[in-house]
Structure formats: structure tokens, C-alpha cells
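**Student:** The structure follows.
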Amino acid sequence: YDEWALYFSKIVPFLRPDATLIGHSLGGIFLAKYFTDNPPDKPFAKLILIAAPYDDETGESLKGFKLTDVSALAEMFGRIHLLHSTDDPVVPFTERDKYVHDLPSATVHDFDDKQHFNEPTFDELLTLLD
């Protein structure tokens, strides 16, 4: 996490307020943790977290990526979307529930057949980018 945060902190000042930030898997937990630890000076338009772990370590150690409360994200982004699939073999579906608990105003997109979203196309994501 620390190495990712160091590089990302150099990019954040150049992001426009209408930016949509998308994180998949560790990228999703990274964005959630980064902005929880480093609130931006200005809110961004949208945050999309896809199959993001929260604090589960059944598959691999999350080390510095673990979260405890991301409720502050609701004030940092105009809209938040959470996407997860019930058949995800990498990140348990129960991880999605933890985000929903902290972010009750987030729009939740549940799937039954996307596994860990490692597909060549993802039309459902494209509809969230407009």
C-alpha cells in the first residue's frame, strides 16, 4: 500500500473534479483506503469499486490494505458504485456487505455470473461512465 500511495499522491493533484475513479480488486481497496487516509481538497464525481476486498484474508494477506471504516468516502465522491459477483472465487461476496454498511447511499450492482470480473468486455461498467 505505501508504495502505491506514494506514486498515487503525485497524480491526485492533477485529477479534475469531474473525474471517475475505478478500482478493481486490490485497486478498489487501494482507492478506498487512500482517500479515507488522504481526503482530497475537492470532491470527485464518481468512485467505482469492482470486486474490492475490505478486510478479508481468506485468499491472501492484505497487509497495509486493510480497511476499518470508509464512510467518509460518501462526502468525497458525488456518486459511489459497488460491483460484486456472488460467484467471485477471489473476494468473498460478504466483503461487498461491509462496503454497503459503511456506504449506505452507494449504488450496489450485484451479479451472479461475473466471478472476479476478469472478462474481455464489461458492458455494465460502460453504462456507469456516462
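**Student:** From 17, 39, which residue is open to solvent by 50 Å² or more (accessible area, probe 1.4 Å), in contact with a Pro (Cβ under 8 Å, 6 or more places away or on another chain) and not in a helix (DSSP H, G or I)?
**Tutor:** Among 17, 39, only 17 is open to solvent by 50 Å² or more (accessible area, probe 1.4 Å), in contact with a Pro (Cβ under 8 Å, 6 or more places away or on another chain) and not in a helix (DSSP H, G or I).
**Student:** Just need a number here: residues in segment 64-112 that are touching a strand residue (DSSP E or B) at 6+ places or on another chain (Cβ under 8 Å), open to solvent by 60 Å² or more (accessible area, probe 1.4 Å) and of a type in the set (Asp, Glu).
**Tutor:** The number of residues fulfilling the criteria is 2.
**Student:** So, one more: Being closer than 27 Å to residue 118 by Cα, at pLDDT below 95 and either touching a helix residue (DSSP H, G or I) at 6+ places or on another chain (Cβ under 7 Å) or not polar (S, T, N, Q) (or both) narrows it down to one residue among 91, 12; which is it?
**Tutor:** The conditions single out 91.
**Student:** While we're on this one: Residue 5 - would you say it is of a type outside the set (Lys, Arg), buried (at least 19 other Cβ atoms within 10 Å of the Cβ) and not in a strand (DSSP E or B)?
**Tutor:** Spelling it out, it is not the case that residue 5 is of a type outside the set (Lys, Arg), buried (at least 19 other Cβ atoms within 10 Å of the Cβ) and not in a strand (DSSP E or B).
The values are calculated or read from the model by the stated rules, or taken from the named source; none is laboratory data. Note that the structure is predicted; figures quoted are calculated from it, not measured. Cβ: placed from backbone, ideal geometry, glycine included. Neighbour counts: every protein chain shown. Quick note on the areas: whole protein, heavy atoms, side chains included, nothing else; ligands and nucleic acids left out. Shrake-Rupley method; radii C 1.70, N 1.55, O 1.52, S 1.80 Å.
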